[in-house]
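K.L.:
Let me give you the structure first, and then I'll get to my questions.
The values are calculated or read from the model by the stated rules, or taken from the named source; none is laboratory data. Everything quoted here is computed from the prediction, not taken from an experiment. Please note: Cβ atoms are built from the backbone with ideal geometry, for glycine as well, and neighbour counts cover all protein chains shown. Heads up: the accessible areas ignore ligands, DNA and RNA and are worked out on the full protein's heavy atoms, side chains in. Shrake-Rupley method; radii C 1.70, N 1.55, O 1.52, S 1.80 Å.
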Amino acid sequence: MNKIELPKSECASCPHYSTEGLKKLGVDTHGVDFVVALAGNPNTGKSTVFNALTGLKQHTGNWPGKTVARAEGAFSFADKKYKIVDLPGTYSLLSTSIDEEVARDFILFGKPDVTIIVVDASRLERNLNLVLQILEITDHAVLCLNLMDEAKRNKVEIDTRKLAKDLGIPVVPTIARDQKGIPELLQAVHDVATGKIKCKPHRIKNINPKIEQAISKLTKEIKSQFPDLPNSRWIAFRLLEGDETIINALKNGTLT
Amino acid sequence: MSKDIHKILSLSNDLRWSIGEDFHDHLIEGIYADAAQIAAHSVTKKGQRAHTPLDTKIDRIVTSRTWGFPIMFLMLAGVLWLTIIGANYPSAMLGKLLLETIYPMLKNGASAIGMPWWLDGLFLDGVYLATAWVIAVMLPPMAIFFPLFTLLEDFGYLPRVAFNMDKLFSKVGAHGKQALTMSMGFGCNAAGVVATRIIDSPRERLIAIITNNFSLCNGRWPTQILIATIFIGAIVPSYLSGLASIGAVIGIAMLGIFFTFFSSWVLSRTVLRGEVSTFHLELPPYRPPQFWKTIYTSLIDRTLVVLWRAIYFAAPAGAVIWLISNIHIGDTVLAERLIHGMDGFGYLLGLNGVILLAYIVAIPANEIVIPTILMLTVMVTGVNGFGEGNGVLFELDSIADTEAILRAGGWTLLTAINLMIFSLIHNPCSTTIYTIYKETKSLKWTIVASIMPVILGFIITFLVAQIWRLLAH
């Protein structure tokens, strides 16, 4: 296999750069400081990232839909203990299949401290559809630009700085199956979890003005009643679609 | 508080009217447009194609109309061939070790310390032998089949299988992803049932769950292989016998696939009527499997887990077998009564009472069917020179011994063929039944999924037996 050099950063020469601070804790999820969710399209290597972080040997397979339930594990990094939840891969969060519901409900109700969104770097545009939906729900996310080797093989180049700026979240290129980029990913997760990095997630812009007007009106109303809700605009989307789960969640207060 | 929410909801209802019905499409378009803009900003492509030319070339062949199915067939045959050929030798070695070396040692030890006969019988002749037999017979084929299957999976072949079979599945009113869950079923039906979660529509998911049992699972491959080797391999010249037995096993697997389609078709035309849903299946790039890592994880995650399950069920089943062959009612033992009671029905199906009783004992795990059949056969026929006597699961040093016992039990080619058919088409094992209940949360569908295949199995074996006997006369 070709060795692919990831873009070298200043960090690589820094003494703190290594997975040394990483302790793989397997399934021991007691007394965690932060909860991390692992989301992304099917077959982008979420389970590989999960295994790299937890030291668990969850079976990975090269077919979309391998992880149908969520798997949990733990690791500790820089004195903080993290629980990590591997969610089923989905193309979107807008339909109602069980795997999409599992993923959406965890991000929405489980309120993870950080959501790592794993994307296939060689198919970025298609993967971004899910990324944008997740960023409507949560403010705390890190983009894991995985399969960089395949992107390179397909002659795809990605300006991670521009991407990070557009999305408003940290972007880390990785080749998870070779453990490449995992230290940077850990650092980014740590920085978002501890609040060192504040995300300014992209919100969907290309919306028909008439609809946008309705959305902002409804968002304003939701905000006035639930000022602490981080995703009032997304709730507005769902209410306009008549999503029963969200209506019920709003009624019985599980959203806040 | 609830009043406030009411305000939000009524506002959203009003707005929903004003924005019209195509809100969902507008939203999706918006997301796509944003994604395209962001990607265009940061991505530069030097090549044109998303797939490398090699991927495309491979796909053109393995998903082609002409070659797609023959290649799938060859892959299946290749995996089976490697499993059958490769498992022989380690199986014999394990058998020698567990049954011919350790078993006599334990027996001698037990009599040396003066263990009562029933304790010795229950634990050594029952529990130990059943467990040892399962390990000897099951471990080698699993240790070969699972890693091979996992390598194909890691390479990215499974989604191509789904792609090829999509048309067939939609013709019978089922979901194309059922090809994936069907493939998983070839390893383990319980795993296949869990995998159906990737199917969105409840109707199509139920079809996939109910029909998963027709994927010949790992607990049944060894039964098929053994019976095919003894009876099918024997009717052709010896240089062809390997080929003939593999052909027979593949034939049964194909019959299973046929029944998957057939029963999906029946279900989607009757109780589970509905539209076929469309879906997108991304063909992932081919990735060279990480060979050793794959072997390691598939051994740990799959082989050992499944083997442990087999042992878990074999041990108590061994005790049950020993008990029913040693508890007397009047002057006959319980097992013999049960067998004679079922012999008549068994004959109608081209089987016998022993096989039917074995299938009842083996509901927890298909893996123990063959040991149970052999033990019960020895007991009712009173074949001398095999094993240790009543209720003892004995050692099988050679396939010839097994054959001699089965022939002495009145087995014919018809019995063998119908056993192979019945092994394919009968109720799922208890783990799968429980999994079906957990996934569907419906007693009704669990019962349908459990009973339908047994009835179908009775019908098919009955028809085969009648036609066979008609032609034989």
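K.L.:
I'd like to know if the range B:212-227 contains one or more residues that are within 27 Å of B:Arg273 (Cα to Cα) and aliphatic (A, V, I, L, M).
P.N.:
Yes, the conditions are met somewhere in the range B:212-227.
K.L.:
Let me ask something else about it. Could you tell me whether any residue of the range B:113-123 is more than 14 Å from chain A (Cβ to nearest Cβ), in a helix (DSSP H, G or I), more than 23 Å from B:Ala365 (Cα to Cα) and open to solvent by less than 70 Å² (accessible area, probe 1.4 Å)?
P.N.:
yes
K.L.:
Here's another thing I want to ask about it. Output the helices (runs of 4 or more DSSP H) that fall wholly within the range B:1-104 and possess 3 or more residues being touching a residue at least 40 places away in the same chain (Cβ under 8 Å), or say none.
P.N.:
Result: B:53-62, B:68-95.
K.L.:
Let me ask you something else. Check B:Leu54 against each of (1) under 17 Å from B:Arg160 (Cα atoms); (2) surrounded by 13 or more Cβ atoms within 10 Å (Cβ to Cβ); (3) within 14 Å of chain A (Cβ to nearest Cβ) and name the one condition it does not meet.
P.N.:
Status for B:Leu54: all satisfied but (2).
K.L.:
Follow-up question, since we're still on this one. Of the conditions (1) in contact with a Gly (Cβ under 9 Å, 6 or more places away or on another chain); (2) open to solvent by less than 30 Å² (accessible area, probe 1.4 Å); (3) within 14 Å of another protein chain (Cβ to nearest Cβ), B:Leu281 clears all except one; give me its number.
P.N.:
(2)
K.L.:
Please state which one of A:Ala39, A:Ala103 is under 19 Å from A:Asn129 (Cα atoms), aliphatic (A, V, I, L, M), out of contact with any helix residue (DSSP H, G or I) (no Cβ under 8 Å at 6 or more places or on another chain) and at pLDDT 80 or above.
P.N.:
Answer to the check: A:Ala103.
K.L.:
If you check B:Asn218 against the conditions, is it outside any helix (DSSP H, G or I) and within 25 Å of B:Phe422 (Cβ to Cβ)?
P.N.:
yes
K.L.:
While we're on this one: Confirm whether A:Asn154 is modelled with pLDDT under 95, within 12 Å of the chain's Cα centre (by Cα) and closer than 30 Å to B:Thr56 by Cβ.
P.N.:
no
K.L.:
Give the residues of the range A:135-146 that are more than 14 Å from every other protein chain (Cβ to nearest Cβ) and either farther than 21 Å from A:Asp33 by Cα or without any contact (Cβ under 8 Å) to a residue 60 or more places away in the chain (or both), sorted by residue number.
P.N.:
Within the range A:135-146, A:His140, A:Val142, A:Cys144 qualify.
K.L.:
If you check B:Leu148 against the conditions, is it away from chain A (no Cβ under 12 Å), farther than 18 Å from B:Ile58 by Cβ and part of a helix (DSSP H, G or I)?
P.N.:
yes
K.L.:
Separate question: Would you point out the residue of the range A:191-237, among those that are facing chain B (nearest Cβ under 10 Å) and touching an Asp or Glu at 6+ places or on another chain (Cβ under 8 Å), that is surrounded by the most Cβ atoms within 10 Å (Cβ to Cβ)?
P.N.:
The qualifying residue surrounded by the most Cβ atoms within 10 Å (Cβ to Cβ) is A:Phe237.
K.L.:
Still on this model: Answer yes or no as to whether A:Asp113 is closer than 23 Å to A:Lys83 by Cβ, open to solvent by 10 Å² or more (accessible area, probe 1.4 Å) and touching a Pro at 6+ places or on another chain (Cβ under 9 Å).
P.N.:
Judged against the criteria, A:Asp113 is not a match.
K.L.:
Condition test on B:Ser201, is it of a type outside the set (Asp, Glu), within 14 Å of another protein chain (Cβ to nearest Cβ), open to solvent by less than 10 Å² (accessible area, probe 1.4 Å) and over 30 Å from B:Phe123 (Cα atoms)?
P.N.:
No; evaluated as a whole, the condition is false for this residue.
K.L.:
Could you pull out the residue among A:Asp149, A:Asp99, A:Asp166 that is open to solvent by 40 Å² or more (accessible area, probe 1.4 Å) and either within 14 Å of chain B (Cβ to nearest Cβ) or in contact (Cβ under 8 Å) with a residue 40 or more places away in the chain (or both)?
P.N.:
A:Asp166
K.L.:
Can A:Lys196 be described as part of a helix (DSSP H, G or I) and more than 16 Å from the chain's Cα centre (by Cα)?
P.N.:
no
K.L.:
Which one of these does A:Ile175 not meet: (1) without any contact (Cβ under 8 Å) to a residue 24 or more places away in the chain; (2) of a type in the set (A, V, I, L, M); (3) surrounded by 20 or more Cβ atoms within 10 Å (Cβ to Cβ)?
P.N.:
Here A:Ile175 meets the rest and fails (1).
K.L.:
Still on this structure: Restricting to the range B:29-44, count the residues that are farther than 16 Å from A:Val171 by Cβ, crowded, with 16+ Cβ neighbours inside 10 Å and under 45 Å from the mean Cα position of the chain (by Cα).
P.N.:
Looking only at that region, the number is 2.
K.L.:
Of all residues in the range B:166-182 being at negative phi and surrounded by fewer than 23 Cβ atoms within 10 Å (Cβ to Cβ), which is nearest to the other protein chains (Cβ to nearest Cβ)?
P.N.:
Within the range B:166-182, the match that is nearest to the other protein chains (Cβ to nearest Cβ) is B:Gly176.
K.L.:
Take A:His190 and tell me if it is in a loop (DSSP other than H, G, I, E, B) and either touching a His at 6+ places or on another chain (Cβ under 6 Å) or in contact (Cβ under 8 Å) with a residue 60 or more places away in the chain (or both).
P.N.:
No, not satisfied.
K.L.:
So, one more: Checking the conditions here, which among B:Phe279, B:Phe258 is hydrophobic (A, V, I, L, M, F, W, C) and within 30 Å of B:Thr412 (Cα to Cα)?
P.N.:
Going through B:Phe279, B:Phe258 in turn, just one is hydrophobic (A, V, I, L, M, F, W, C) and within 30 Å of B:Thr412 (Cα to Cα): B:Phe258.
K.L.:
If we only count helices (runs of 4 or more DSSP H) wholly inside the range B:251-360, which ones have 2 or more residues that are touching a His at 6+ places or on another chain (Cβ under 8 Å)?
P.N.:
Once the helices (runs of 4 or more DSSP H) in the range B:251-360 are filtered for at least 2 residues that are touching a His at 6+ places or on another chain (Cβ under 8 Å), what remains is B:291-298.
K.L.:
Okay, moving on. Scanning the range A:70-100 for residues that are of a type in the set (Gly, Ala, Ser) and not in a loop (DSSP other than H, G, I, E, B), which turns out modelled with the lowest pLDDT?
P.N.:
The residue in question is A:Ala71.
K.L.:
Separate question: Considering only residues that are at pLDDT 85 or above, more than 30 Å from B:Pro159 (Cα to Cα) and open to solvent by less than 50 Å² (accessible area, probe 1.4 Å), which ones fall in the range B:72-103?
P.N.:
B:Pro90, B:Leu94, B:Leu98, B:Tyr103
K.L.:
I want to confirm something. Restricting to the range B:401-419 and keeping residues that are under 27 Å from the mean Cα position of the chain (by Cα) and in a loop (DSSP other than H, G, I, E, B), which single residue is surrounded by the most Cβ atoms within 10 Å (Cβ to Cβ)?
P.N.:
Step by step, filter the range B:401-419, then rank; the result is B:Trp411.
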